[in-house]
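Everything below concerns the one structure shown next.
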4 protein chains.
Amino acid sequence: MPDPFTPLPAHKFSFGLWTVGNRGRDPFGDVVRPALPPTEAVALLGEVGAWGVNLHDNDLVPIDASPSERDRIVKDFKTACERNAIVVPMATVNLFYDPVFRDGAFTSNDPRVRAYAVQKTLKAMDLGAELGATIFVLWGGREGTETDACRRPDEAVKRLREAVNYLCQYSIDRRYGFRFALEAKPNEPRGDIYMATTGNYLGFIPTLDRPDMVGVNPEVAHEQMAGLNFLHAVAQAWEAGKLFHIDLNDQVSGRYDQDFRFGSANPKSAFWLVKFLEDVRYDGPRHFDAHAYRTEDYNGVRDFARGCMRTYLILKERAQRWNADAEIRELLREAGSNQPLPSRETLLAQSFDRAAIAARGLAYERLDQLTMEVLLGAR
Amino acid sequence: MPDPFTPLPAHKFSFGLWTVGNRGRDPFGDVVRPALPPTEAVALLGEVGAWGVNLHDNDLVPIDASPSERDRIVKDFKTACERNAIVVPMATVNLFYDPVFRDGAFTSNDPRVRAYAVQKTLKAMDLGAELGATIFVLWGGREGTETDACRRPDEAVKRLREAVNYLCQYSIDRRYGFRFALEAKPNEPRGDIYMATTGNYLGFIPTLDRPDMVGVNPEVAHEQMAGLNFLHAVAQAWEAGKLFHIDLNDQVSGRYDQDFRFGSANPKSAFWLVKFLEDVRYDGPRHFDAHAYRTEDYNGVRDFARGCMRTYLILKERAQRWNADAEIRELLREAGSNQPLPSRETLLAQSFDRAAIAARGLAYERLDQLTMEVLLGAR
Amino acid sequence: MPDPFTPLPAHKFSFGLWTVGNRGRDPFGDVVRPALPPTEAVALLGEVGAWGVNLHDNDLVPIDASPSERDRIVKDFKTACERNAIVVPMATVNLFYDPVFRDGAFTSNDPRVRAYAVQKTLKAMDLGAELGATIFVLWGGREGTETDACRRPDEAVKRLREAVNYLCQYSIDRRYGFRFALEAKPNEPRGDIYMATTGNYLGFIPTLDRPDMVGVNPEVAHEQMAGLNFLHAVAQAWEAGKLFHIDLNDQVSGRYDQDFRFGSANPKSAFWLVKFLEDVRYDGPRHFDAHAYRTEDYNGVRDFARGCMRTYLILKERAQRWNADAEIRELLREAGSNQPLPSRETLLAQSFDRAAIAARGLAYERLDQLTMEVLLGAR
Amino acid sequence: MPDPFTPLPAHKFSFGLWTVGNRGRDPFGDVVRPALPPTEAVALLGEVGAWGVNLHDNDLVPIDASPSERDRIVKDFKTACERNAIVVPMATVNLFYDPVFRDGAFTSNDPRVRAYAVQKTLKAMDLGAELGATIFVLWGGREGTETDACRRPDEAVKRLREAVNYLCQYSIDRRYGFRFALEAKPNEPRGDIYMATTGNYLGFIPTLDRPDMVGVNPEVAHEQMAGLNFLHAVAQAWEAGKLFHIDLNDQVSGRYDQDFRFGSANPKSAFWLVKFLEDVRYDGPRHFDAHAYRTEDYNGVRDFARGCMRTYLILKERAQRWNADAEIRELLREAGSNQPLPSRETLLAQSFDRAAIAARGLAYERLDQLTMEVLLGAR
C-alpha cells in the first residue's frame, strides 16, 4: 500500500530558495550551515518531493552581479529546475537586506531609495517572468518605524500606493500577467511595520489604480505573531477573491518571527487552515515559508521540508475524516442555517422569545472535542 | 491665567454612558459602585466639562421596556442633556450582553438570532436618531468563536455583510443620515472575534452595497491588545476617508481589555495619536471609551473623566511644541522629501550609489530623544 | 474491549465546584446557565467519572452564612460527596470576589482588609480540613495594581510573607497538615498581579518561615497568558520538590484568561505536559480549572468535563507510545548524555574542536516530526 | 546654570561594549555600521559621559586569539579605560554566538559542549577579574529549546546547577570575589529559554551550593517581552537582597527583543523603575543594555547613549518631584498603613464591616493622574 502522505505535484507544495537555503544566522548567533547554491537547493527540493520553488531576486542573482553573470546564473537555474521537475510559481524582491533599505524601500524618506527600490523590483519582475512565475509577492519588511517621529504614517500609505501602481503598470506594459500578492507583518525587523495585518492590505487594495491585479499573501507566522486568528484572515481574503498566495509555517504568539515547520507549534490551528483551503478548493501553491532549526545539518533540512508536506497531508486526511463524521455532520446540521433576513416589514413585526432561544445548548464543546479526537487520530 | 488644560465644547470630548456608569464588575468580582442613572451620568459629565454622551440602546432603555416606559425615559434623558448642555453625537446597539447573543448576533448560526439582532439595531437607530446622533457605531462583540468548528468564517463575513447592507438601507429609507462606524477587536469576550483589526474592516467596507456610508471606529485598546501600532491603523483609516469616530483609552499589550484612562498606560503612544488627530484636523468627537479603576467611588470616576480630557490637552500642547521646535523641524527637513517617482525610462536608466546613500546617519535617535524631552516637559 | 480512555479514580481527576458550576458571566455578558447547587455539581462530577472536587469557601458556604447554615450546608455536601464517591483533595479561599478585596487582600493598604483576609482564610482552612482536604491553594487574584503609585511593590512582598507565615502557623497549631500551594498569575483581574509567574513564587517560598510547607500550584492558562512555556515552569517546580498541585486547562497566549477545556487550544503543549507528569510519576490530583463555553447548557458542561479527562488520557497513551518508539529512542540516545563536568585541572587542560562538534546535525527536526506523528495518531 | 541632566560618575552609568558597538545586523538585514574597536568604544563612552563599560569575553578578545594576542588586546584596553576614566564594573561570557552553542551551553546534551562552555566561562572570569570587574553576569541565551523532545527540562535545571556551582567554586578558589548575576529571558534566540523570568532564577538560586554568591540581573526588555511588570520583578529581587545588577533599555511587549533606548518605548514604566531604584538607594551600576536604531551612524550612536542617561536623569528628577508633592503625599498617607496582623485570638474574634470598608473610594485615579502630570512636566 502506498504511503497516503506522499507529496505529489498535484499538491502544489513549494518552498522558497531562502527556506531550505536558510543558514541559521540569528540576532545572537552566526551561520551554522554552509551556503547552499540555488541549483543544489532545487535538487534537494526535487529529492524530497516538492513541486515548486520561489525566490527573491537576490536569492538567485547577487545584488551586484553583472548582466552576463546574471544571465549565466539564470540559465543554470532553469536547467536545474527542469532537471528536477521543479516549477517557479512565484517570485519576489528583496527590499530589506541591503543597508540602503534600513529606513524603508517604497516608503523611505529618501526619494533616491524609493526610486532604487522600484527599479530593483522592476528587474525582479523581469527575472520572475523569465522563470515563468505568475505571482509576484511584495513584503515590505523595512516599511515601518522605530519612532513615529520620522514620517507621517499617512504619507507612507501614499508612497506605498504610488509604488504599487507603478509596478502594476509595468506588468501590464510588459504583458507579464503578474498577480501581485501583498504580505503583511506587524513588526520585526522594524519596531512597527506599516500594513500590520492582512486586513490592512485588504483595505489598501481597493484604493489602488488596478485593484483587480492585487491580492494578498497571508503568512501564518505574521498573523499569529500578533495573536490573531489566521484562519479568519485567510477566509476574509478568500471571500473577497484576494487569496492570491499563502505562506505556511508556524509560530508561537507574541514572539520573534519563528518560521517553524508547518503545524509544529499548533497543530489545531493548522488543521482549521488546511481544512479551509481544501474545503474551498484553493488551487494556488501551498508555499512553506519556514526553515529548519539551527541545530540541523542539511539532512535535518530535508527532514524539515518533508515534515512540512507530510503534516499538511495528514491534516488534509483528518479534514476529510471530519467532514465525513456522522456525529459532526449532525451537530452542524443542528447548529443553524443560512436563511436570509426577512423583509423589513416582516422583521419589524416579529417578536422573539429571547429566553427560549438562549436556553438551547449549542453543543460546541462536543463539536470541538470531536474535532480534537479526529485530529489526534483517536476517532 | 486660565488653566490651559480646561476642557471646552470645541474639544468635542465625549463619554459613553457605560464609561462613567461602569460599576466595576469583572470576571472575578462583583460590582463595586451603585448604579448611576443616565440622567445623573449626564449631570456628572456636565460637571466635569464634557461635550457629549454616547450610548448603547440598553444603557438608556432596558431591553424589556414597554414603549411608554421607553418614551418617558428618552424624554427625561433629553431634558437632562439639555440642562447640562450635553449632546449625543453617537449611538450604538448592545448585541453582546443578553444570553441570546452568546454565539453571535449578525453572524449567529441561528436565523432567529440574526433577525432579532437586526431588529434590535433598527430600533437602536430610531433611538439614536431621536437623540440627534449622526454616527452609529457597530461593535460585534459576540461575532466570533471559541472553536472554528461551529461555522465557516467566510460564511460569517457574508452574514455580516447582509446585516450591514440592511442597516444602511434602513438609514437611507428613514433619512436618518447615519454614518456607520465599525469597531474591530481581536478577542474577548469571544476566543477570537471576526474582523480582528481596523484593517479587516477597511477591507470589508468596499464589499458593501454602500461603502460611502460606512467607516471605522478604531479603539486604542482593541488594536493595542494585539500589540499593533494604533497610530498606523488610524492613519490608514484617515487617509482612506474612513475615520468616522474614535475610541480613546489605554491598554497594555497582550492582555484582557483594560479600558484605562486615556494616556495612562503609554503616554508616548497617546502623544503620537493626539498629534496626528490634531495635525490632520480630525473634527469628529474625541470619545473616551474607558472606565475608572474598581478602587474608585464616584469621586474617583470624576477624577478619571477629568484625567482623560486633561491628558489629551496636555499632549495636544506638547504636539504644538513639537511642531514648533526648531531643531525638530530641521531634522525633519533633512530627513527627506515627497518627490514623486521618476518616469520609467528615467528610472530604468538611473544608477544608484547604495553605499553612499546607506552611509548617511538619519539622526532618528536624536529626533526621538527630542520627542521624549518635549513629551516629558523637559524641553 | 473497554474504552481505554475511560476516567478512573486512580487517575485522580478533579474539578473545582466553580468549574462545572461556572455560569458563563463575562465582562460583556450576563450569566447563561442557572445556578448549579454544590450537591448537584458533585452528582454531575460523579456521573462523568471524576475522582475529586475542590472548592473556594464561598463556592459552598455563602460569605454571610450563619454558623448553623454553614454547618447544614457542609453536612449536605459531605453526604453528596460520599454518595457520589467524590473526595475533596484541595480547598482554597475566595479573596477576590467581594468588593472589600478590590485593592488586594493580604497586600491591601488597609490593615482591616489584610486582617479580614487572613481571618477568612483561617475559616476556609477549617472548612477544608473538615472536608478532608490536604492541599490548600492560595491564589491572590487581587494582590496587584493598576497603578504602581498606590504602594511600593517590595512592601507588598513583605505583607504577603507575613500572611503566609501566619497561615502556616495556624495549620501547625491546628494540626491540619496542609501543604500550601501558591498560584501565580501575571494579570487579570488586576492590571498587574504581584508574583506574576510560578518562578516568582519559587523565589518567594525560601524566604518564608516554613518553606517546607509551601509549594506551588502552576496553572496552564496563567503561564501561557504571558506566553511562557508551561512545561518548563512545572519542571522547575517538580525538580525543586515544590509541585504540590496543578491546574489544567488551556489558553491562547497574550489574551484574557480563557480557561478552555484541557488540550483544546494547543494539544502539543498539553502533550509535553502530560508526558512530563506521567514520566516523573507525579501522584497529585490532575485538577481541571476550566469551564465550558458560554454556548453550552449543562449537557455541554458534561461534554466539557468528559473532554478534559478524555484528552488527558489520549495524550497519556500518546506519551507511552512516544517513549516506546524505537526511532525516537535511538535519536534520544544519540542526542547526548548526562556525564558530569570534568575536574577543573582536566577541564582547563582540555582542547575542543568547536567546528567538528558544531558540524554534527542534531536531528531535532526529525525528532519533532516524529512527535507530531505520534501525537496525531499517524504513527 | 549647569544642565541638571548631565551624567556624572556618581550616577554609575555603564554600557556594554556590544551596545555602542552594535553594528545593526538583524535577522533580515546586514550590518549597517563599520566595526568599532573596543578602544574606540571606550573613547566614545568617555566622550558622552559614561562611567563604566561591560563586556563579554569575545567583545574584547576574539574567540581564537592566541595568549599573546589576548594579552596585548587586554593591555591596550586597560590603557584606553584609564585614559578615558572608564571602569569595568561587570564582565560576562558569550555562550551564544558560536555554532558550537546552537543547542545550549551549560545545558547542552553534548558533554563536550558543556565542558567547553564552563572552560570558556572560567577564562572569561579570569579576564573580568583582570579588568577589575566584581560582578559576573550569566545570560544563557542558548539554554532552551525549539522542541521539548530534545531533553527533559528538569535535566536542564540540574545541568545548569552543576555549572553555576562549578563557577562559584572557581571564584572562591581564585579569590576573585565575584558576585554572579543571572539574567533571565523567555525566548529568542531559542523558541523557549529555560529560566524564563527573573522569578525563575530567584527560585533557582536557593538550590545552589553558594546562594549567597548569586543574584540576578533583570533586564527591562526581557521581562517586558513577556508582558510582565518589570518593577515588580526588580522589587522582589531587591527585597530578597538579590539585585546584583540591572540591564536598562526599553521594549514593546509581545515582540522580538528590541533593546531600545532607555525610556523610549514606555516612559511611565521607566519612571516607576527609576523611582524605585532611587528610593531604595540601589547603588550598583545603571547598565544600559540597548543599542541605536539601524538608521544611525556613530553620531546617532552617541545620541542614543546620551539619550539613555539623560532620560534616566529626567525621570530621577521627576521621581523627586513626585516624592515631594504635597497632594500625592496626602493621598498616600490616606491610602493605608503597615500595621502588622493582630494576634490570632484577637483576629478570630474580630468582626468586619465589609460594606463600609468597600464603600470608601481609594482615589487611585487621582493619584495616577497626578503621576502622569508630574511625569509629563505639567505639574
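Taking the listed residues B:206, B:153, the one that is within 8 Å of chain A (Cβ to nearest Cβ), at pLDDT 95 or above and touching a His at 6+ places or on another chain (Cβ under 7 Å) is B:153, with no other qualifying. Evaluate the following for residue D:38: is it more than 14 Å from every other protein chain (Cβ to nearest Cβ), in contact with an Asp or Glu (Cβ under 9 Å, 6 or more places away or on another chain) and buried (at least 17 other Cβ atoms within 10 Å of the Cβ)? So residue D:38 passes the test. When B:137, B:113 are checked against the criterion of being facing another protein chain (nearest Cβ under 7 Å) and of a type in the set (Val, Ile, Thr), a single residue qualifies: B:113.
Selection of segment C:106-134 for residues being in a helix (DSSP H, G or I) and of a type in the set (Phe, Trp, Tyr) yields only C:116.
Evaluating residue B:342 against the criteria (1) of a type outside the set (A, V, I, L, M, F, W, C); (2) at pLDDT 95 or above; (3) part of a helix (DSSP H, G or I) leaves one unmet condition, (3). Scan segment B:148-169 and give yes if some residue there is of a type in the set (Gly, Ala, Ser) and open to solvent by 10 Å² or more (accessible area, probe 1.4 Å), otherwise no. No.
Under the condition of being within 19 Å of residue D:87 (Cα to Cα) and crowded, with 17+ Cβ neighbours inside 10 Å, the residues counted in segment D:1-29 number 12. For residue A:111, indicate whether it is touching a Ser or Thr at 6+ places or on another chain (Cβ under 7 Å) and under 17 Å from residue B:356 (Cα atoms). For residue A:111, the condition - touching a Ser or Thr at 6+ places or on another chain (Cβ under 7 Å) and under 17 Å from residue B:356 (Cα atoms) - is met. Restricting segment D:170-187 to residues that are surrounded by fewer than 23 Cβ atoms within 10 Å (Cβ to Cβ) and outside any helix (DSSP H, G or I) leaves a set whose member that is nearest to the other protein chains (Cβ to nearest Cβ) is D:174. Within segment D:358-379, the set of residues being out of contact with any Leu (no Cβ under 6 Å at 6 or more places or on another chain) and among the small types (Gly, Ala, Ser) comprises D:358, D:359, D:361, D:378.
Restricting to segment A:110-141, what's the tally of residues that are of a type outside the set (Phe, Trp, Tyr) and either under 18 Å from the mean Cα position of the chain (by Cα) or modelled with pLDDT under 95 (or both)? Please lay out each step first, then the result.
Pass one, segment A:110-141, residues of a type outside the set (Phe, Trp, Tyr): A:110-115, A:117-135, A:137-138, A:140-141.
Restricting the remaining residues to those that are either under 18 Å from the mean Cα position of the chain (by Cα) or modelled with pLDDT under 95 (or both) gives A:128, A:133-135, A:137-138, A:140-141.
Number of matching residues: 8.
The set of residues in segment D:278-319 being over 16 Å from residue D:14 (Cβ atoms), part of a helix (DSSP H, G or I) and of a type outside the set (Lys, Arg) consists of D:278, D:279, D:298, D:299, D:300, D:303, D:314, D:315, D:317, D:319.
Is there a residue in segment C:189-212 that is within 21 Å of residue C:101 (Cβ to Cβ) and of a type in the set (S, T, N, Q)? Yes, segment C:189-212 contains a residue that is within 21 Å of residue C:101 (Cβ to Cβ) and of a type in the set (S, T, N, Q).
What residue, of C:134, C:121, C:107, is under 22 Å from residue C:174 (Cβ atoms) and in contact with a Lys or Arg (Cβ under 7 Å, 6 or more places away or on another chain)? Write out each step before concluding.
Values: C:121 fails: in contact with a Lys or Arg (Cβ under 7 Å, 6 or more places away or on another chain); C:107 fails: under 22 Å from residue C:174 (Cβ atoms).
Going through C:134, C:121, C:107 in turn, the sole match is C:134.
Anything in segment A:288-321 that is within 14 Å of chain B (Cβ to nearest Cβ) and open to solvent by 10 Å² or more (accessible area, probe 1.4 Å)? List them, or say none. Show your work before the answer.
Narrowing segment A:288-321 to residues within 14 Å of chain B (Cβ to nearest Cβ): A:315, A:318-319, A:321.
Of everything in segment A:288-321, just one residue is within 14 Å of chain B (Cβ to nearest Cβ) and open to solvent by 10 Å² or more (accessible area, probe 1.4 Å), namely A:321.
Screening residue A:362 against (1) outside any loop (DSSP other than H, G, I, E, B); (2) closer than 30 Å to residue C:298 by Cα leaves a single unmet condition, (1). Just the residues that are facing another protein chain (nearest Cβ under 9 Å) and either over 22 Å from residue B:17 (Cβ atoms) or of a type outside the set (D, E, K, R) (or both), please, taken from segment B:95-108. Once the filter is applied, which keeps residues that are facing another protein chain (nearest Cβ under 9 Å) and either over 22 Å from residue B:17 (Cβ atoms) or of a type outside the set (D, E, K, R) (or both), segment B:95-108 yields B:96, B:97, B:99, B:100, B:101, B:102, B:103, B:108. Entry remark, segment D:75-99: residues being of a type outside the set (A, V, I, L, M, F, W, C) and open to solvent by 30 Å² or more (accessible area, probe 1.4 Å) number 8 in total.
Among residues of segment C:274-286 that are within 12 Å of chain D (Cβ to nearest Cβ) and closer than 18 Å to residue C:322 by Cα, none has a Cβ under 6 angstrom from a residue that is outside any helix (DSSP H, G or I) and open to solvent by less than 10 Å² (accessible area, probe 1.4 Å) at a sequence gap of 6+ or on a separate chain.
Pairing residues of segment B:94-111 that are farther than 16 Å from residue A:334 by Cβ with residues that are aromatic (Phe, Trp, Tyr), at Cβ distances under 6 Å and at least 6 apart in sequence or on separate chains, gives B:95/B:101; B:96/C:28. Taking segment A:45-64 as the range and being more than 14 Å from every other protein chain (Cβ to nearest Cβ) and not acidic (Asp, Glu) as the test, the residues that pass are A:45, A:46, A:49, A:50, A:51, A:52, A:53, A:54, A:55, A:60, A:61. Only one entry in D:209, D:257 is surrounded by fewer than 24 Cβ atoms within 10 Å (Cβ to Cβ), in contact (Cβ under 8 Å) with a residue 40 or more places away in the chain, within 18 Å of residue D:26 (Cα to Cα) and not basic (Lys, Arg), namely D:257. The C-beta contact set for segment A:351-379 (first residue open to solvent by less than 10 Å² (accessible area, probe 1.4 Å), second residue assigned to a helix (DSSP H, G or I) and of a type in the set (A, V, I, L, M, F, W, C), distance under 6 angstrom, 6+ apart or interchain) comprises A:365/C:304; A:367/A:331; A:370/A:328; A:374/A:322; A:375/A:271; A:376/C:314. Across segment A:338-354, the number of residues qualifying as more than 8 Å from chain B (Cβ to nearest Cβ) and in contact with a helix residue (DSSP H, G or I) (Cβ under 8 Å, 6 or more places away or on another chain) comes to 0. Taking segment A:322-337 as the range and being in contact with a helix residue (DSSP H, G or I) (Cβ under 7 Å, 6 or more places away or on another chain) and open to solvent by 50 Å² or more (accessible area, probe 1.4 Å) as the test, only A:327 passes.
Do we have any residue at all in segment D:61-74 that's under 30 Å from residue A:95 (Cβ atoms), surrounded by fewer than 17 Cβ atoms within 10 Å (Cβ to Cβ) and of a type in the set (A, V, I, L, M)? Show your work before the answer.
Our first condition is that a residue be under 30 Å from residue A:95 (Cβ atoms); within segment D:61-74, this holds for none.
No - not one qualifying residue is present in segment D:61-74.
If a residue has to be more than 7 Å from every other protein chain (Cβ to nearest Cβ), part of a helix (DSSP H, G or I) and within 21 Å of residue D:164 (Cβ to Cβ) to count, how many in segment D:224-244 make the cut? Walk me through how you get there before you give the answer.
Pass one, segment D:224-244, residues more than 7 Å from every other protein chain (Cβ to nearest Cβ): D:224-225, D:230, D:233-234, D:237, D:241-244.
Those still in the list that are part of a helix (DSSP H, G or I) too: D:224-225, D:230, D:233-234, D:237.
Now narrow it down to the ones that are within 21 Å of residue D:164 (Cβ to Cβ): D:233, D:237.
Counting residues in segment D:224-244 that are more than 7 Å from every other protein chain (Cβ to nearest Cβ), part of a helix (DSSP H, G or I) and within 21 Å of residue D:164 (Cβ to Cβ) gives 2.
Take residue A:124 and tell me if it is free of Cβ contacts under 8 Å to residues at least 12 places away in the same chain and either within 11 Å of chain B (Cβ to nearest Cβ) or open to solvent by less than 20 Å² (accessible area, probe 1.4 Å) (or both). So residue A:124 fails the test. Counted as qualifying within segment D:1-105 are the helices (runs of 4 or more DSSP H) with 3 or more residues that are of a type outside the set (A, V, I, L, M) and over 30 Å from residue D:145 (Cβ atoms), namely D:38-48, D:67-84.
The values are calculated or read from the model by the stated rules, or taken from the named source; none is laboratory data. Here the structure is a predicted model, which means the values were calculated and not measured. Reconstructed Cβ throughout: ideal geometry from the backbone, glycine too, with neighbour counts over all protein chains shown. Please note that ligands, DNA and RNA were not included when accessible areas were found on the heavy atoms of the full protein model with its side chains. Shrake-Rupley method; radii C 1.70, N 1.55, O 1.52, S 1.80 Å.
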